[in-house]
Each structure stands twice: as structure tokens, then as C-alpha cells.
Amino acid sequence: MNHLESSFSGKNALWRYAIMLIALFTATNTIGGIPLLIAMGLKSAADPGVIGQLAENPNDLTVLGLDPNLYLFTLLFPFLIGFITFVLLIKPLNNRSLLTIINGTGRFRWNRFFISALVWVVISAIYLFAFLKIDPANFVLNNRSVTLIPLILISVLFIPFQAAFEELLFRGYLMQGFAVVLRNRWFPLIITSVLFALMHIMNPEVKEFGFLAMMPQYLLFGLIFGIITILDDGIEAAMGAHAANNAFLCILVTNEASALQTPALYQQLKIDPWIDFLTMLIMGILVIFILKMIFKWKNFSVLLKKVEKPGPAAQMP
């Protein structure tokens, strides 16, 4: 085992994690917000009333009248900044390389990333096709124009950075940090899944459908990606599945309450959060068992295995 054990080689004092989190929050909300601030400045110069509209509802950025693809870019850009910030700080703050956060082996397993992404896309496509057949009235063809091309390009180029940032932070950095303290796998899995869910508390889906309806979905996402991480002893497969899920939704199907508003191919008219939860549960189980066969993972008892400090090296302050 390498992934969770590799964190013992670095510096793990609590204040180091606090500084990292503060730095990531600051960078994503300042530098990461520059494209959106430019758009707001240009729009308010032409229409000063926009400032009042944004003050009334800060989460409604449709008043800026941005091209949907440009709007998507402004939403994804902070994650790119977060990714870069994390890469720059992990060595000076925790005395660790990026690869130790990924799996502890010293190399990125690209096959894990792409196979996991492919499996997720195939199962998602099957589910979308099934729902289109079962309930065709709930879907409308939303976009057949050339705007799909830049949408695909933006999704393929930038969504992997969004997924990579979130996986590095939750299933990498924080899961390893909790494992150093707790010396097990299952509790860091639960804690990071809860934190992952709470990170999405400001998403428009929560406002539309309610906290209790949406938090189980986000928590389930975190658990699926966390289980994949522990079974595969690294975050590449979780990163691939995460990127594939978000890109699939951006390109192929959207809805009015989606956090990532895009000119997708289809628009879903009515959303039932609990049907979505059940669908995600079935999808997650299928993906985990398919990847288990492909990657020849051992049994699930590894989830209960203790995290042992490797070698005699003491944890650095």
C-alpha cells in the first residue's frame, strides 16, 4: 500500500494544512475570480443596473448576459488556479511532491485515469439513453449548433483540472492527512466525503431542491470516489471518473438548476433528486465492480485495513 502511507514522509503539523486551505480559498476567490470580475466590469459599464441585480441575488450570474461557453469558462477557471496553487505549495508547506499526493509511487498511472473515465462515460450514456426512451417528454433537444464544438473543447480542457483539484484536495491531501492522525481508512473516507458534500452547499441545486435532498447525492459522490481511491491505492481512477461525470453532464445533458449551466445537447425538464440519488447509487456500484475486475483489486476488506507508518522515519513537525 502506498497512497495513504506516503503522507508520513512529509510534514503534517495541523498549521500546515490550515495554511494550505486558506491559501487555496484565497487564490480561487481572488485570482480565480478575475475573468468573472472583468465580465462584471464590462457589463456594469454598459448597464449600471446590473450591480443592483447582482446585489439582490449574487448567485444569479445570468444577468451578465455572457455567452454560455464563456460563462462555463469563468466557473472552471478558479479550479485551474486552485490546482496550480496546490502544485506550487505542496513542496514548501508539506515537504512532499505532487506524486505522493496522487498515489505515493512516483508516477501517474494514466491507464487508471482513462479506463475509469471510459467506464463512467459508457455507463452514463446507457443511463441517458434508457431515460430518453422511458420518459422522452422530460427531455428536449437543446443544442445542435456549432456551439457544441467550443463546449466540448472547454469541457475536455478545463474540467479535468476541476476534477483533479477536488480529488487532490479531498481524496489525496485531506484523506492522507486524516489517515496520519487516525491510522485507518474508513474514517478518513467518511470525513472527506462529508467535507466534499459540504463544499457544494452553495450550488444552485441545493437552493432549488433543498439541503436534505441534495446533500445525500454529494455525499454519495464523495463515497464512490473515496472507495475507488482506497481500492486502487491512488486517486487517478477517481479523478478520471470525476472528470468524465462532469464533462458528460456539461456536454450531453443539463437542467435549469444545474451548477454548470451549458448549451448541452439535451435539457432535462424535471428533476427528481431521489431518483437521481438512486441512479447514482446503482451507477457507483456498477463502476466500482467493473473497475475491480479490470484492475484486479483485492476484496473490500482493505477499506478496514489499518494505516501503518512505513519504516522508522518519524513524522516531521
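The values are calculated or read from the model by the stated rules, or taken from the named source; none is laboratory data. Predicted model only: the values in this text are computed from it and were never measured. Reconstructed Cβ throughout: ideal geometry from the backbone, glycine too, with neighbour counts over all protein chains shown.
Ile190 is checked against (1) at pLDDT 95 or above; (2) surrounded by 17 or more Cβ atoms within 10 Å (Cβ to Cβ) and fails just one. What number does that condition carry?
Among (1) at pLDDT 95 or above; (2) surrounded by 17 or more Cβ atoms within 10 Å (Cβ to Cβ), the lone unmet condition for Ile190 is (2).
Among the residues of segment 38-45, is any farther than 15 Å from Tyr173 by Cβ, free of Cβ contacts under 8 Å to residues at least 24 places away in the same chain and not in a helix (DSSP H, G or I)? Break it down stepwise before answering.
Within segment 38-45, the subset farther than 15 Å from Tyr173 by Cβ is 38-45.
Adding the requirement that they be free of Cβ contacts under 8 Å to residues at least 24 places away in the same chain leaves 38, 41-45.
So of that shortlist, the ones also not in a helix (DSSP H, G or I) come out as none.
Within segment 38-45, not a single residue is farther than 15 Å from Tyr173 by Cβ, free of Cβ contacts under 8 Å to residues at least 24 places away in the same chain and not in a helix (DSSP H, G or I).
Could you tell me which residue of segment 1-51 is nearest to Leu304 (Cα to Cα), considering only residues that are modelled with pLDDT of 85 or more and among the basic types (Lys, Arg)?
The qualifying residue nearest to Leu304 (Cα to Cα) is Lys11.
Can you report the number of residues in segment 134-182 which are without any contact (Cβ under 8 Å) to a residue 24 or more places away in the chain and surrounded by 21 or more Cβ atoms within 10 Å (Cβ to Cβ)?
1
Confirm whether Leu265 is closer than 20 Å to Gly226 by Cβ, surrounded by fewer than 19 Cβ atoms within 10 Å (Cβ to Cβ) and more than 17 Å from the chain's Cα centre (by Cα).
no
Each row is one residue, and each column tells you yes or no for (1) under 19 Å from the mean Cα position of the chain (by Cα); (2) closer than 21 Å to Val119 by Cβ; (3) aliphatic (A, V, I, L, M); (4) exposed (fewer than 15 other Cβ atoms within 10 Å of the Cβ).
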site	(1), (2), (3), (4)
Trp186	no, no, no, yes
Met202	yes, no, yes, yes
Glu208	no, no, no, no
Ile224	yes, yes, yes, no
Ile251	yes, yes, yes, no
Ser258	yes, no, no, no
Thr279	yes, yes, no, no
Met283	yes, yes, yes, no
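Would you check which residues across segment 174-195 are of a type in the set (S, T, N, Q) and touching a helix residue (DSSP H, G or I) at 6+ places or on another chain (Cβ under 7 Å) and list them? Don't jump to the end; show me each part of the working.
At the first step, the residues of segment 174-195 found to be of a type in the set (S, T, N, Q) are 176, 184, 192-193.
If the condition is that a residue be of a type in the set (S, T, N, Q) and touching a helix residue (DSSP H, G or I) at 6+ places or on another chain (Cβ under 7 Å), then Gln176, Thr192, Ser193 are the ones that fit.
Considering every residue within segment 109-123, establish whether at least one is outside any helix (DSSP H, G or I) and under 23 Å from Ala247 (Cβ atoms).
yes
Is it the case that some residue within segment 157-174 is among the hydrophobic types (A, V, I, L, M, F, W, C), touching a His at 6+ places or on another chain (Cβ under 7 Å) and part of a helix (DSSP H, G or I)? Talk me through it step by step, then tell me what you get.
The first filter runs over segment 157-174 and keeps only residues among the hydrophobic types (A, V, I, L, M, F, W, C), leaving 157-159, 161, 163-165, 168-170, 174.
Then drop every residue that is not touching a His at 6+ places or on another chain (Cβ under 7 Å), which leaves 163.
Narrowing further to those that are part of a helix (DSSP H, G or I): 163.
Yes, segment 157-174 has at least one match.
Please specify each residue of segment 98-107 satisfying the condition of being in a loop (DSSP other than H, G, I, E, B), over 19 Å from the mean Cα position of the chain (by Cα) and crowded, with 16+ Cβ neighbours inside 10 Å. Lay out the reasoning, then the answer.
We begin by selecting, within segment 98-107, every residue in a loop (DSSP other than H, G, I, E, B); these are 103-107.
So of that shortlist, the ones also over 19 Å from the mean Cα position of the chain (by Cα) come out as 104-107.
Gly104 - this is the single residue of segment 98-107 that is in a loop (DSSP other than H, G, I, E, B), over 19 Å from the mean Cα position of the chain (by Cα) and crowded, with 16+ Cβ neighbours inside 10 Å.
It is to be established whether one or more residues within segment 201-213 are more than 19 Å from Gly104 (Cα to Cα) and modelled with pLDDT of 95 or more. Please lay out each step first, then the result.
Restricting attention to segment 201-213, the residues satisfying the condition of being more than 19 Å from Gly104 (Cα to Cα) are 201-213.
Retained after the next criterion (residues that are modelled with pLDDT of 95 or more): none.
Within segment 201-213 (the criterion being more than 19 Å from Gly104 (Cα to Cα) and modelled with pLDDT of 95 or more), the answer is no, since none of the residues qualifies.
Which residue, of Ile294, Ile275, Ile290, is more than 21 Å from Leu169 (Cα to Cα), surrounded by fewer than 16 Cβ atoms within 10 Å (Cβ to Cβ) and modelled with pLDDT of 95 or more?
Working: Ile275 fails: modelled with pLDDT of 95 or more; Ile290 fails: surrounded by fewer than 16 Cβ atoms within 10 Å (Cβ to Cβ).
On inspection, the qualifying residue turns out to be Ile294.
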